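Notes follow the structure.
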Amino acid sequence: MAYDEGLAHLMRDDLHEEPGITEKKMFGGLCILLNGNMVCGVHKDGGMFRVGKPREAEALAIEGAQEMDFTGRRMGGFIDVDSDLMGDDTRRGQMMALALANARALPPK
C-alpha cells in the first residue's frame, strides 16, 4: 500500500477522541471509518474525505479540494485533497467536520 504515513498520523490525531473509529486498507491506501462508514483516507499524493453529496459543494469550496476521480469516473460525495490541504490544520479540520457529519448520519455497519 502506497500512502503517506505522516498524513495518516495527522488523521489519527484528529480522530483520537472519536469513539467507533477503525482503519482499513483499501483504495490503494488507508481509510478511516466511523462505525463501519468511511470518513477519510490517505493515499500517496494526499487524502480523501467522504463528505456525502449534500456537503460536496461546501467541501469543494475549500482550497486544495477537488472532485474525486479515482477510477476514471467521478465519485459523488467523495473529495480528493492535496497534501497542502492535509498539512493545514484549519482546512483539514473543516473537511474532517464535513466527513464526520456525513458518517454520523449513516447507520452503523
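The values are calculated or read from the model by the stated rules, or taken from the named source; none is laboratory data. Please read these numbers as outputs of a predicted model, since none were measured by experiment. Don't worry about glycine lacking a Cβ; one is built from the backbone with ideal geometry, like all the others, and counts go over all protein chains shown. Surface areas here come from the heavy atoms of the whole protein model, side chains and all, with no ligands, DNA or RNA. Shrake-Rupley method; radii C 1.70, N 1.55, O 1.52, S 1.80 Å.
In a residue-by-residue description of the stretch 17-25, the property of being at pLDDT below 95, out of contact with any Lys or Arg (no Cβ under 9 Å at 6 or more places or on another chain), open to solvent by 60 Å² or more (accessible area, probe 1.4 Å) and among the hydroxyl-bearing types (Ser, Thr, Tyr) applies to no position. Among the helices (runs of 4 or more DSSP H) confined to the stretch 29-109, the ones with at least 3 residues that are open to solvent by less than 60 Å² (accessible area, probe 1.4 Å) and in contact (Cβ under 8 Å) with a residue 24 or more places away in the chain are located at 83-87, 89-104.
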